[in-house]
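Please read the structure below before turning to the comments.
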Amino acid sequence: MRLLIITVFSFTFLIQCQQDDSQTIKLAGEAQGTTYHITYLSKERKKYHQGIDSIFKSIDSSLSTYVPASIISRFNKNDTHVAADKYFIDVFNKSVEISEKTGGFFDATVAPVVNAWGFGFTKKANVDSTLIDSLLQLVDYKMVKLEGNKIIKKKPNVMLDFNSIAPGYTVDVLATYLESKGISNYLIELGGEVIAKGKKQNNEYWKIGIDQPNENITEIDERPLQTIIALSDKALATSGNYRRYYEENGKKFSHIINPRTGYPAKNNLLSATVIAGDCMTADAYATAFMMMGLEKSKEFLSANKQLGLEVFFVYDENGSWKTYASDRMRNWMHDVP
């Protein structure tokens, strides 16, 4: 059963074979409704499956809307006895920070609208403008606050959905765990969210392939790449509006719901890749940029250079794919072989 809906498309990883992989450990599995891949260098050749599985379960018990007894589920059901743990507090505070920075283009209280469109944790509703207008009265990050570990909301029907930030946060927690074990060279991927530290065994940067935004290709191995990014000591996340959608009455509805309008995001931006110092930040801003669209995203980046975000955008211009990359991002990009 899915625990978290990952709101990004999968990446293709280009992890080259090393001449001597005796110290290279590769772990893979399923978690949070998606797959994970972890590669790291270890002189002791230790595997940490048990610790990693424990982290997934702990985070799900806090942040997953698909776990009935999780902290977020209990909050959404108005359980007055629920208390926030560290995971919840970390993600909530970052969500508020990015909501403030983006003027509400990112907003974790979008849950009621996401549910109505059929991309959340309840059944799809019969959507019309009247319903959306009523649900938008529940969408405002300012209606939820933390007082210590107590979560308080202004209206009982306000609900939270951390699916656009929790996967990135999980990657960060896994990275902290590996570093606590003395691991300093690693690549962690969860459902397309990535963090890389150090280098591979052959002293090369980790290389990440970014998919072309093609909704007609479903098999991972068949997806053509748009570009390859060399990554080290950074986190990367991509959001796209073509991997999850449904068709109804001849129209396509994307899973990326604009919290300002209550409707699926509709602009010329097809995918947004963000590099940041941590994966939680990259994850949330990738979603926010999909709401903003190309020009507003570029304006935001110009006005917020202190955030240190680097981006790669794929957008539509008169039916053709075009790309935009920030200055430092260009230095990390490589042509597809």
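The values are calculated or read from the model by the stated rules, or taken from the named source; none is laboratory data. Bear in mind that the values here come from a model prediction, so they are computed numbers and not experimental data. Cβ: placed from backbone, ideal geometry, glycine included. Neighbour counts: every protein chain shown.
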remark   = In the range 142-172, anything surrounded by 14 or more Cβ atoms within 10 Å (Cβ to Cβ), among the aliphatic types (A, V, I, L, M), more than 12 Å from the chain's Cα centre (by Cα) and not in a loop (DSSP other than H, G, I, E, B) is listed as M143, V144, L146, I151
query = For residues in the range 297-336 being touching a residue at least 60 places away in the same chain (Cβ under 8 Å) and farther than 22 Å from A196 by Cα, which is farthest from the chain's Cα centre (by Cα)?
reply = W321
ask   = Restricting the search to the range 256-296, which residues are among the polar types (S, T, N, Q) and surrounded by fewer than 24 Cβ atoms within 10 Å (Cβ to Cβ)?
value = N258, T261, N267, N268
ask   = Restricting to the range 69-105, what's the tally of residues that are touching a residue at least 12 places away in the same chain (Cβ under 8 Å), touching a helix residue (DSSP H, G or I) at 6+ places or on another chain (Cβ under 9 Å) and in a loop (DSSP other than H, G, I, E, B)?
value = 5
message = Suppose we keep only residues that are over 16 Å from W117 (Cα atoms) and outside any strand (DSSP E or B) within the range 251-275. Which one would you say is modelled with the highest pLDDT?
response = N268
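Determine whether T109 is modelled with pLDDT under 95 and either under 25 Å from P264 (Cβ atoms) or in a loop (DSSP other than H, G, I, E, B) (or both).
Working: modelled with pLDDT under 95: no; either under 25 Å from P264 (Cβ atoms) or in a loop (DSSP other than H, G, I, E, B) (or both): yes.
So T109 fails the test.
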message = All but one of (1) modelled with pLDDT under 90; (2) over 28 Å from T170 (Cβ atoms); (3) buried (at least 19 other Cβ atoms within 10 Å of the Cβ) hold for P337; state the number of the condition that does not hold.
response = (3)
task = Report, by residue number, each residue of the range 53-68 that is of a type in the set (A, V, I, L, M), in a helix (DSSP H, G or I) and surrounded by fewer than 22 Cβ atoms within 10 Å (Cβ to Cβ).
result = I55
remark   = Only one of (1) in contact with a helix residue (DSSP H, G or I) (Cβ under 9 Å, 6 or more places away or on another chain); (2) closer than 21 Å to Q32 by Cβ does not apply to Y205, and that is (2)
